[in-house]
Amino acid sequence: MKRVLTLSLAVLALTAFVSAGAITLDVKEHTLANGMKILMITKPGVPRVVCHIYYKVGSINERPGITGTAHVHEHLMFKGTKMMGVTDFEKDTAIDRQIDEVVSQIYREKYWKSDGDPAKIAELQKKADELIAAEKAYIIKDDLWGLYMKNGGTGLNASTSQESTGYYVTLPSNKIELQMLLESDRMQSAYFREFYSENDVIMEERRLSENSPGYFFSEQVNAAFFAASPYHWDVIGWMDDLKKMTKADLIEFHNRYYVPNNAVAIYVGDLDLEKTIAMAEQYFGRIPKGPDIEPIRTYEPPQYGEKRMYGEGPAPTSVQIMFHTPWAGQPDVAPLTVLAGILGAGGGPGGPGGPRGGGGTGRLDKILVQEKQLAVNASAFNRAQWYVGAFQFSASPRLDKGVEPEDLEREIWAEIEKIKKDGVTDDEIQKIKNRSEANFIRSLASTAGLAGSVGRAELNRGWKSILSDLEDIKKVTNDDIKRVAAAYFVKDNSLTSIYTRKMGR
């Protein structure tokens, strides 16, 4: 197969060397005429390549009525195209159209009317079920995965977040062309067969989450904290929207966001750069550029009054205090990140239904858990996302000592006021700076981790931001920490949630 490599100003492959202190990343960039970015990092040795493709779309690109669409779309992208996942496309398509027509009638009878006819719905559902069963004769289950496996592929997976969607596979170096063929086919010709049965699977995923202790309370806390921005809902979406989602919703979403100018492909491993660029031109370059993608419109407005929430249920008793903070790339993110490390020292976000982050060797753990013995765990966490930020304190009281969540709330505020006045020590700051650099260097050792970090960063502020963020952390001073604590840790910028364990709820 003949391949032609075109070198012009529009599609020139660029070599970027960016250094943060002693850390250097050698990332080759190539932009196709349709706007798709190709990133390449060569790691000679093992003849394998990590292949990731990221789309700049997640749950924040949804709207009320279609929440959960990005996650549903991720699942459906594994259900084939015109050439994959089906034995006879024409026969399959004919049945698929009939299914859509019947389900549309069910939808209108069930959701458009306040007095839909249950007998009519049951009759239509029976017909839809028969058609869905008949279609299975033409469906090749796990066709994509089977083809990748036959060619030495491992780690086929995908993920959806609030801001991005990624598709992953690792292949032998001489099989990169297969990934480009299949992923370009999925981008251009995804065919959402089995939409209705897969949507049932996703609704069951949500039901399983709902059964987790504290899930509903955490979901409501998040919705109250982010009052206006699309971070208001979870990636899986509201159940009402999942029930009422249509295939037309999914197709419209795909056509808008799953276009080359909204995508970044990254390849890390034993690469031939010129061949990789030539193949990208051949496969991804054939897809027309889509419409320009508008950023989200609704940012989170300032909060003008303290918020408090109380809940009860089977999850452990806990208190959380959350503050709105700047989004990624803003100057105050670095000192907030360092402060979170000092207070939480590796603790993650906790709370009912969420990860239980222990504080480890952080200030909060030393004071509340070890010295005063008031808490089972205590942590702090700063999360700077693309369009919002949140700083969270979490702690669980020692119920065996009669400690109440409000007692921990007062202790946390006392520590906040100390930091506003005195800040932290130079040793504490340096310890977090050293840890941040060490963690970053360790992350570069993982080929998949490197691909993920570089690829996702490119979608938002460019891949070089992962180095500039580290450099910003190195510049943080005690005055910076006192300043951000005073600016953001105020009652009118906070939401305090107190959850009390009550069995039988």
> Based on the Cβ-Cβ distance from Lys243 to Lys136, what FRET efficiency comes out when R0 is 30 Å, to the nearest 0.05?
Replying inline: 0.80
> To the nearest 10 degrees, how steep is helix 333-344 against the longest Cα principal axis of the chain, on a 0 to 90 scale?
Replying inline: 60
> What is the ratio of the Cα radius of gyration of segment 307-501 to 2.2 N^0.38 Å, where N is its residue count, to two decimals?
Replying inline: 1.04
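How high is the relative contact order of the chain, given as a whole-number percent (alpha carbon pairs under 8 Å, six or more residues apart)? Don't jump to the answer; show the numbers that get you there.
Working: 933 pairs, mean separation 103.3, N = 505.
Rounded, it is 20 percent for the chain.
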> Going toward the positive end of the dipole of the chain, with +1 on Lys and Arg Cβ and -1 on Asp and Glu Cβ, which of Ala128, Trp238, Phe440 do you reach last?
Replying inline: Phe440
>> Taking the Cα of Tyr299, stepping 7 Å toward and past its beta carbon, and measuring to each backbone N in segment 360-392: which are under 19 Å?
In response: 383-391
> So if R0 is 56 Å, what FRET efficiency would Ala122 and Thr154 give, r being the distance between their Cβ atoms, rounded to the nearest 0.05?
Replying inline: 0.80
>> Given Cβ point charges of +1 (Lys, Arg) and -1 (Asp, Glu) and nothing else, what value in debye, to the nearest 20, does the dipole of the chain about its Cα centre take?
In response: 600
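What FRET efficiency do you get for Arg442 and Asp88 if R0 is 41 Å and r is their Cβ-Cβ distance, rounded to the nearest 0.05?
On the way: r = 50 Å, r/R0 = 1.22.
Between Arg442 and Asp88 the formula returns 0.25.
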>> Given all pairs of different Cα atoms, what value in angstroms does the Kirkwood hydrodynamic radius of the chain take?
In response: 25.2
> Past the 30 Å Cα-Cα mark, which pairs from Lys113/Lys141; Lys43/Lys464; Lys247/Lys464?
Replying inline: Lys113/Lys141; Lys247/Lys464
> Of Lys433/Lys491; Lys431/Lys474; Lys372/Lys401, which ones are farther than 19 Å apart at the Cα?
Replying inline: Lys433/Lys491
> How would you classify segment 117-175 from its alpha-carbon gyration tensor, with a ≥ b ≥ c the square roots of the eigenvalues: rounded for a/c under 1.5, else prolate if a/b is greater than b/c, otherwise oblate?
Replying inline: oblate
>> With n ≥ 4 as the cut-off for DSSP H runs, can you work out [θ] at 222 nm for the chain, using -39500 (n - 2.57) per run divided by the number of residues, rounded to the nearest 500?
In response: -13000 deg cm²/dmol
> Between Glu204 and Lys113, how many nm apart are label points set 7 Å from Cα along the C-beta direction?
Replying inline: 3.0
>> Once you order the gyration tensor axes a ≥ b ≥ c over the Cα atoms, which shape class does segment 87-138 get: rounded for a/c under 1.5, otherwise prolate or oblate by comparing a/b with b/c?
In response: prolate
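Multiply the residue gap between Lys474 and Ile23 by 0.36 nm, knock off their C-alpha separation, and tell me the result in nm, one decimal place. Show your work: numbers first, answer last.
On the way: separation 451, 0.36 × 451 = 162.36 nm, distance 1.31 nm.
So the chain would gain 161.1 nm between Lys474 and Ile23.
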> Cα centroid distance between segment 375-420 and segment 275-343, in Å?
Replying inline: 21
> Extension gain Ser197-Lys418, at 0.36 nm per residue separation less the Cα-Cα distance, in nm?
Replying inline: 74.0 nm
>> For the chain, take the longest principal axis of its alpha carbons; what is the angle in degrees between that and the long axis of helix 195-210, to the nearest 10 within 0 to 90?
In response: 20
> How far is helix 465-474 tilted off the main Cα axis of the chain, in degrees rounded to 10, range 0 to 90?
Replying inline: 10
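What number does segment 268-316 give for Rg over Rh if you use C-alpha atoms and the Kirkwood radius? Let's see the in-between values first.
Values: Rg = 24.6 Å, Rh = 17.6 Å.
So for segment 268-316, dividing Rg by the Kirkwood Rh gives 1.40.
Throughout, read-outs are computed from the coordinates displayed, never taken from laboratory work. Predicted model, so just to flag it, every value in this text is computed and none were measured. Quick reminder, even Gly has a Cβ in these numbers, built from the backbone with ideal geometry, and neighbours come from all protein chains shown.
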